[in-house]
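Following: one structure in structure tokens, then a few remarks.
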Amino acid sequence: MVRFNMILLLTVVICALGVVTSQHRARKLFQALEGEQERARQLDVEYGQLQLEMSTWATHPRIEKIARDRLHMVTPDAIGRVVTPAAPAPVKKAAR
Amino acid sequence: MVVRRRPQRGHRFTESPVLQLALQGWRSRMVGLMLMAAFLALVARGFYLQVINNDFLQEKGDSRYRRDIEVSASRGKIIDRNGDMLAVSTPMKSIWAIPGDARTMDASQKQQLAALLEMSVRELDGKLASDKTFVFVKRQVPPETASRITALKLPGVHDEKEYRRYYPTGDMTAHIVGFTGVDDKGLEGVELAFQQSLLGRPGARTVIRDRRGNIVEDVGALKPPQDGKEIRLALDSKIQYLAYSHLKAAVESNNAKAGGAIVIDTRNGEILALANWPTYNPNNRQHLSGAQLRNRAITDTFEPGSVMKPFTAALALEKGKVRFDTVINCAPGRLTIGNATISDAHPHGALTVAQVIQKSSNVGTAKIALGFPAQEMWEMFDSVGFGQMPNLGFPGEVNGRLRPWKNWRPIEQATMSYGHGIAVSLVQLARAYTVFAHDGELMPLSLLRLEDAPVRGIRVFSPQTSREVRAMLEMAVQPEGTAPKARVPGYRVGGKTGTAYKIEGGVYARKYIASFVGIAPISDPRLVIAVMIDEPSGGAHFGGDVAGPAFSQIAGGALRTLGIVPDAPIQVAEAPLGKGRL
């Protein structure tokens, strides 16, 4: 009887330690997750800022100024234009 | 007991006579019972606190490690139809202080803080002199600066996350996009109109923190943060830029006070561009004046003048009163109704209905207008949207002024036929022209990009009538018309000029509003473009000379941007080399 009780006690102790360990590990993992999520948020913020920066560099007035003044580009007149049926897509691409 | 100096023999402790006193047994039992009762009382109290009424202790315990934290949500972006950014929020910090604690900073700490915040020490002292328990030292501080301030570990100085709104396109789209205040609340334009959808709703979570302040576990209910919705406008930033820059050029070259331009896609009523001049930079709103803030195209009404004539002609065609080529005698360029006289800027002889529009004859239009009852004319004006809200959902929209037909006098009916005695906004005017562009249907306008679902208009005129009016509008930009300068190389376009006197204090002043509303291309209309220039004073004041060239530039650029196939044979002499803009 005593032996049986001792075995039970030992089992209980082992289980209790197991609970503690798993809880600890869960918290560790949770912290890691939390850290990664924070990093994701940071990157998201940075992405937003970079997007903002990009659209600031890509404003139409700036593009026009560079095209005209630095690259000496001109708008082709009506004679110099060829319109293809699938025109919208290339035009938009060229605008970026 | 006898006390002796030296006892002869000591007796054992247990034999002490004191201990051998025979006490009554109930006394010890009594003490035992009392102790037992006290112990039971403790157990009962413990049971009560731990099991039955455990809220209080639970709360006390939780408060040692549980924290409710707010999860911030950002305001939605505003983007144009192609996804280009028009307004975006980015996180900033605001630095706040508890003045009582912060005053304990020493001089060098103060200097450091002031230097980081780009303010003088005196200014900083001024803020900290407050006897409140909370003051903002500086708002909208870049996050890097804020983290350097936090690293100084100054007493009583704290930071808080907030958002700042940026407008990359700046003054170009200022009127349509609007702006927000520091508290992320929309104050103007789309920011105000769509405040409810743009607004982010912060969430909350309950967490367990350990001794070092790390979050170790999520407990309790989670309320996820809701970021504001992204608003996709119908605006095309490229066409917007064209409209804005050409409008600006037209206002400046004509030495005018102000101007407005609108570009509408006639297929579904989307507003592709809406520009005003003067404008402002929404990123830096110091020294703003009312004139800069005004969204003229939507909130200002004016007497449109001759741009109204095609509506009168369309009504006459629709009712079968006249045909395209019915001849109307406009000589001698004057018409007296009652005691008022209508005159033409340039006297004409006999003109066909089409020529009346082409040459913009007031006399001819008035004669056509007097051919039908006031009610019919009112109904037509009403059905193309004059005197009604354009229903864009935009702040500050106006009805314009269309008086009830019952008290129209004949002279008023005549002047209204050519656009005086009626007040409209530029957006109403542009919308009304969609009836000619969309085969007789009035299109509802939309600020937001529409999905590909077809939009149904409201039929006002028959397709035949609208085709005939389009032909008249095209004649108006021919060399014999009023607006040869509105032509676009490579495309067939049409439109109507307007030159109206301004009303100041109830009387007509010698100041003008020059306007042009046009349709392009005529063979398969895609765009309606309305341009209005307020008080041109650079010599020219006719709509065809002032607003016409701006229309031509905007239309040419927009048609090219949209990739619309030219529908006119190229006329070599008319293509100005390298004059167009991007």
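The values are calculated or read from the model by the stated rules, or taken from the named source; none is laboratory data. None of the values given here were measured: they were computed from a predicted structure. Here the Cβ is made from the backbone with ideal geometry for all residues, glycine too, and neighbour counts use every protein chain on show.
Can you pull out every residue in segment A:64-80 that is more than 7 Å from chain B (Cβ to nearest Cβ) and either under 13 Å from B:PRO569 (Cα atoms) or part of a loop (DSSP other than H, G, I, E, B) (or both)?
Residues satisfying the conditions are A:LEU71, A:HIS72, A:MET73, A:PRO76.
Return the residues of segment B:256-278 that are surrounded by fewer than 23 Cβ atoms within 10 Å (Cβ to Cβ) and within 14 Å of chain A (Cβ to nearest Cβ); say none if nothing qualifies.
The one that is surrounded by fewer than 23 Cβ atoms within 10 Å (Cβ to Cβ) and within 14 Å of chain A (Cβ to nearest Cβ): B:ARG267.
Test B:GLU252 against the criterion of being at pLDDT below 90 and either assigned by TED's automatic domain parsing to the domain that holds B:LYS185 or more than 22 Å from the chain's Cα centre (by Cα) (or both), and give yes or no.
Answer is no for this residue.
Within segment A:40-55, how many residues are within 15 Å of B:LYS77 (Cα to Cα), more than 9 Å from chain B (Cβ to nearest Cβ) and not acidic (Asp, Glu)?
Qualifying residue count for the region: 2.
Give the number of residues within segment B:412-439 that are surrounded by fewer than 24 Cβ atoms within 10 Å (Cβ to Cβ) and farther than 20 Å from B:PHE461 by Cα.
7
Among the residues of segment B:306-318, is there at least one that is buried (at least 16 other Cβ atoms within 10 Å of the Cβ), of a type in the set (D, E, K, R) and modelled with pLDDT of 85 or more?
Yes.
Looking at segment B:235-255, which of its residues are crowded, with 23+ Cβ neighbours inside 10 Å and among the hydrophobic types (A, V, I, L, M, F, W, C)?
Result: B:LEU235, B:ILE239, B:LEU242, B:ALA243, B:LEU247, B:ALA250, B:VAL251.
So, in segment B:69-84, of the ones that are surrounded by fewer than 19 Cβ atoms within 10 Å (Cβ to Cβ) and more than 25 Å from B:LEU272 (Cβ to Cβ), which residue ends up farthest from the other protein chains (Cβ to nearest Cβ)?
Applying the filter and picking the extreme gives B:GLU70.
If we keep just the residues of segment B:212-255 that are of a type in the set (A, V, I, L, M, F, W, C) and out of contact with any helix residue (DSSP H, G or I) (no Cβ under 8 Å at 6 or more places or on another chain), which is farthest from B:ASP171 (Cα to Cα)?
Looking at residues that are of a type in the set (A, V, I, L, M, F, W, C) and out of contact with any helix residue (DSSP H, G or I) (no Cβ under 8 Å at 6 or more places or on another chain), I get B:VAL219.
Wholly within segment B:491-569, which strands (runs of 3 or more DSSP E) include no fewer than the required count, namely at least 2 residues that are over 22 Å from B:ILE264 (Cβ atoms) and hydroxyl-bearing (Ser, Thr, Tyr)? Write out each step before concluding.
On the way: elements: B:494-504, B:507-520, B:527-534.
Because the criterion is at least 2 residues that are over 22 Å from B:ILE264 (Cβ atoms) and hydroxyl-bearing (Ser, Thr, Tyr), the strands (runs of 3 or more DSSP E) in segment B:491-569 that meet it are B:494-504, B:507-520.
Any chance you could count how many residues in segment B:224-243 are touching a Pro at 6+ places or on another chain (Cβ under 9 Å) and either within 12 Å of another protein chain (Cβ to nearest Cβ) or without any contact (Cβ under 8 Å) to a residue 24 or more places away in the chain (or both)? Full working, then the answer.
So in segment B:224-243, the residues touching a Pro at 6+ places or on another chain (Cβ under 9 Å) come out as B:225-226, B:241.
Checking the rest, the ones that are also either within 12 Å of another protein chain (Cβ to nearest Cβ) or without any contact (Cβ under 8 Å) to a residue 24 or more places away in the chain (or both) come to B:225, B:241.
Here the count works out to 2.
Working carefully through the options B:ALA471, B:ALA430, B:ALA437, find the one that is in contact with a Ser or Thr (Cβ under 8 Å, 6 or more places away or on another chain) and assigned by TED's automatic domain parsing to the domain that holds B:GLN388. I'd like the intermediate steps shown before the answer.
Values: B:ALA471 fails: in contact with a Ser or Thr (Cβ under 8 Å, 6 or more places away or on another chain); B:ALA430 fails: in contact with a Ser or Thr (Cβ under 8 Å, 6 or more places away or on another chain).
The match here is B:ALA437.
Say whether the condition of being without any contact (Cβ under 8 Å) to a residue 40 or more places away in the chain and either crowded, with 19+ Cβ neighbours inside 10 Å or touching a Lys or Arg at 6+ places or on another chain (Cβ under 7 Å) (or both) is met by at least one residue in segment B:440-456. Explain how you work it out, then say what you get.
Taking segment B:440-456 as the starting set, the residues that turn out to be without any contact (Cβ under 8 Å) to a residue 40 or more places away in the chain are B:440-441, B:451-453, B:456.
Still in the running and either crowded, with 19+ Cβ neighbours inside 10 Å or touching a Lys or Arg at 6+ places or on another chain (Cβ under 7 Å) (or both): B:440-441.
Yes, the conditions are met somewhere in segment B:440-456.
Buried (at least 24 other Cβ atoms within 10 Å of the Cβ) and small (Gly, Ala, Ser): which single residue out of B:GLY506, B:GLY495 fits that description?
The conditions single out B:GLY495.
Residues that are at pLDDT 90 or above and part of a strand (DSSP E or B): does segment B:277-296 have at least one?
No: zero hits.
For segment B:207-217, indicate whether the set of residues that are polar (S, T, N, Q), within 14 Å of another protein chain (Cβ to nearest Cβ) and in contact with a strand residue (DSSP E or B) (Cβ under 7 Å, 6 or more places away or on another chain) is non-empty.
no
Which condition does B:GLU144 not pass, out of (1) closer than 30 Å to A:GLN49 by Cα; (2) at pLDDT 85 or above, if it passes all the others?
Single failed check for B:GLU144: (2).
For segment B:61-91, how many residues meet the condition of being modelled with pLDDT of 85 or more, among the basic types (Lys, Arg) and out of contact with any strand residue (DSSP E or B) (no Cβ under 8 Å at 6 or more places or on another chain)?
Final tally of qualifying residues: 0.
When B:ILE208 is evaluated against the numbered criteria (1) touching a helix residue (DSSP H, G or I) at 6+ places or on another chain (Cβ under 7 Å); (2) part of a strand (DSSP E or B); (3) surrounded by 19 or more Cβ atoms within 10 Å (Cβ to Cβ), which criterion, by number, is the only one it fails?
(3)
In segment B:163-183, what count of residues is obtained for those that are part of a loop (DSSP other than H, G, I, E, B) and either surrounded by 22 or more Cβ atoms within 10 Å (Cβ to Cβ) or touching a helix residue (DSSP H, G or I) at 6+ places or on another chain (Cβ under 9 Å) (or both)?
Count: 5.
Given B:LYS257, B:LYS238, which one is of a type in the set (Lys, Arg) and out of contact with any Ser or Thr (no Cβ under 7 Å at 6 or more places or on another chain)?
B:LYS257
For every residue, the table says whether it meets (1) modelled with pLDDT under 90; (2) surrounded by 11 or more Cβ atoms within 10 Å (Cβ to Cβ); (3) part of a loop (DSSP other than H, G, I, E, B); (4) aliphatic (A, V, I, L, M).
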| position | (1), (2), (3), (4) |
| --- | --- |
| A:LEU10 | no, no, no, yes |
| A:ILE14 | no, no, no, yes |
| A:SER22 | no, no, no, no |
| A:PRO61 | yes, yes, no, no |
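If you check B:GLU191 against the conditions, is it outside any loop (DSSP other than H, G, I, E, B) and within 14 Å of chain A (Cβ to nearest Cβ)?
Criteria not met by B:GLU191.
Working only within segment B:245-272, note down all residues that are under 25 Å from B:HIS438 (Cα atoms) and either of a type in the set (S, T, N, Q) or touching a Phe, Trp or Tyr at 6+ places or on another chain (Cβ under 9 Å) (or both).
The answer is B:GLY260, B:ALA261, B:ILE264, B:THR266, B:ASN268.
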